[in-house]
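Have a look at the structure below before the remarks.
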Amino acid sequence: MKFALIKEHKSIHETRVLFSPLQLQKIADCYPQHQFIIESSSTRCFSDADYAKLGFTVTKNVNDADIFLGIKEVPEEALIPYKTYFFFSHTTKMQAHNKSYLKCLTEKKITFYDHENLVDSFNKRLVAFGKSAGNIGAYHAIRTYGLKNNLFVLPKPNIFSSVDDLKNEITKYTIPNIKIVVTGTGNVGGGIANFLESIGLKQITPTEFLNAEYTFPTFTQLRKSNYLEHSITKEFCEKDFIKYPYNYESTFLKFVQHADLFIAGHYYHKDMPMLFTKKQMNHHNFKINTVADISCDLNEPIPTCIRASTPEKPIYGYDILTGTETDYKNPNSVAVMAVDNLPGELPEFSSIEFGNQFASKILPLIINNPNHTVLEKACVLKKGMFTKKYKYLEDFILLEHASCVL
């Protein structure tokens, strides 16, 4: 087979790649019967020359490849009919803006595997940028809190090369005895917790967070069961919540009375309740003045995320009186960090971390066991036809009349 590392088309700010040159060299040595080529890119974090000097073919025309490996979705006009693609598409949750894209994939007879759906038997993701996002987002959170409260001025993370660099930088400053509430216990949440602990913050239980005061900075990490309950039974059942999220209500308000900083790293389920409302933010007990929204789901389940921010301008203010954007230094504002592509701020580090996962857990299956259940569960389309797991998307795209031309 011939594999192509493809150019990222979606944004000039997207500089990540599936494999670094050194990773690809090791892979090529392991699989000498297969060929690996590189689509030329002027924005990739590793240059064309970095790959070429290791003997890889770098070209603008990769049409003869069999399998195309990328990060973000390939624009409709760049998709090559009848080929096989791996990338993140964010299409399987029936987002309205992606209907035409799904239709295009079907019309071009694409075989498509979504990175997001590469999971093990416990439905745990096998490849993800979540840990990187959690680490970088936690740094951003401390930086934003320091700026909001005139405590210290940390540099932006994108001037550094690794997460260790971020940790070393932040330990040069004194973090006051603030209390941080973190939502999420997956890859993102794990990255957040790891970062905070590594810079000296003590993790405490949710009960301790609500009932004790400390003379040093602390954080608590919440599962959904800590802040969501069934509106009738007052219990939390994961399976029931996934099926009927609209039957649940938030109990998150008990935490806002004690938290100075909120780092959101949870997974958003459509129709889940708002964690808190605009009106509740005006209550005198609402203590949070900084939100680092790593999840970055616009307007829900957190009202402060009114737009995604950028690495160049990562912080904006949310006016609690009007619900509109303002200067984050405004006394009536909550400072919001909502960069929606945090791993892209350390592109080489994030690419290598992701590439290691893909090379060890997924690539051997593609080459040696293409019918493995891991791949089957992630295969959205085979030659333009929705697989059994994703048949529900057929009705979804019928409402979309736009099409793409082969």
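Among 89, 20, 231, the largest mean-square fluctuation in a Gaussian network model of the chain (Cα springs under 10 Å) belongs to 231.
Taking the DSSP bridge list for the chain and keeping only pairs wholly inside it, about 30 percent are antiparallel.
The portion of the accessible surface of segment 48-197 made up by carbon and sulfur, rounded to a whole percent, is 48 (1.4 Å probe; DNA, RNA and ligands excluded). Averaging 1/r over each pair of different alpha-carbon atoms in segment 80-136 and inverting the result gives 12.9 Å, the Kirkwood hydrodynamic radius. Close amide H contacts of residue 37 (hydrogens built in the peptide plane, cut-off under 5 Å, sequence separation of 5 or more or a different chain): 3, 4, 5. Computed over the chain, relative contact order equals 19 percent, with contacts defined as Cα pairs under 8 Å that lie 6+ residues apart.
Over the chain, the Kirkwood radius and the radius of gyration, each from Cα atoms, give a ratio Rg/Rh of 0.98.
Translational diffusion of segment 185-234 was estimated from the Stokes-Einstein equation, with Rh taken as the Kirkwood radius over Cα pairs; at 37 °C and 0.692 mPa s the coefficient is 267 µm²/s. Pairs spanning more than 26 Å between alpha-carbon atoms, out of 270/389; 239/270; 224/382: 224/382.
Residue by residue, segment 328-335 carries 3J(HN,Hα) couplings of 5, 7, 4, x, 8, 10, 9, 6 Hz when phi is fed to the Karplus relation 6.51 cos²θ - 1.76 cosθ + 1.60 (θ = phi - 60°); x denotes Gly or Pro.
Residues whose amide H lies under 5 Å from that of residue 88, counting only those 5 or more places away or on a different chain, are 72, 73, 115; hydrogens are built 1.01 Å from N in the peptide plane. Which pairs in the list 124/254; 202/278; 26/60; 72/124 are over 25 Å apart, alpha-carbon to alpha-carbon? Where the Cα-Cα span goes over 25 Å, the pairs concerned are 124/254; 202/278.
Look at where the Cα atoms of segment 243-261 and of segment 140-182 average out, and the two centres are 26 Å apart. Scanning the chain for GluC sites (Glu not before Pro) that sit in a DSSP loop and have at most 11 other Cβ atoms within 10 Å, the longest stretch containing none of them is 1-212.
When a 1.4 Å probe is rolled over the protein heavy atoms, the share of accessible surface on segment 258-382 that falls to carbon and sulfur comes to 51 percent. Taking every alpha-carbon pair under 8 Å whose residues sit at least 6 apart, segment 257-406 reaches a relative contact order of 16 percent.
With the helix formula -39500 (n - 2.57) applied to DSSP H stretches of n ≥ 4, the chain reaches a computed 222 nm mean residue ellipticity of -8000 deg cm²/dmol.
Of the residues 396, 88, 219, which exhibits the maximal mean-square fluctuation in a Gaussian network model of the chain defined by a 10 Å Cα contact cut-off? Residue with maximal mean-square fluctuation among 396, 88, 219: 396.
Using a Gaussian network for the chain with springs between C-alpha atoms less than 10 Å apart, which of these wobbles most: 45, 237, 296? Checking each option, the largest mean-square fluctuation is seen for 237. At a probe radius of 1.4 angstrom, the accessible area of segment 37-155 per residue rounds to 38 square angstrom.
Enclosing the Cα atoms of segment 269-363 in their convex hull gives a volume equal to 125 cubic angstrom per residue.
Solvent-accessible area per residue in segment 280-406 equals 47 Å², computed with a 1.4 angstrom probe and all protein chains kept. Using every pair of distinct Cα positions in segment 145-204, the Kirkwood expression returns a hydrodynamic radius of 12.8 angstrom.
The values are calculated or read from the model by the stated rules, or taken from the named source; none is laboratory data. The structure presented is a predicted model; accordingly, all values stated were derived computationally and were not measured. Cβ: placed from backbone, ideal geometry, glycine included. Neighbour counts: every protein chain shown. All accessible areas refer to the heavy atoms of the entire protein, side chains included, with ligands and DNA or RNA removed. Shrake-Rupley method; radii C 1.70, N 1.55, O 1.52, S 1.80 Å.
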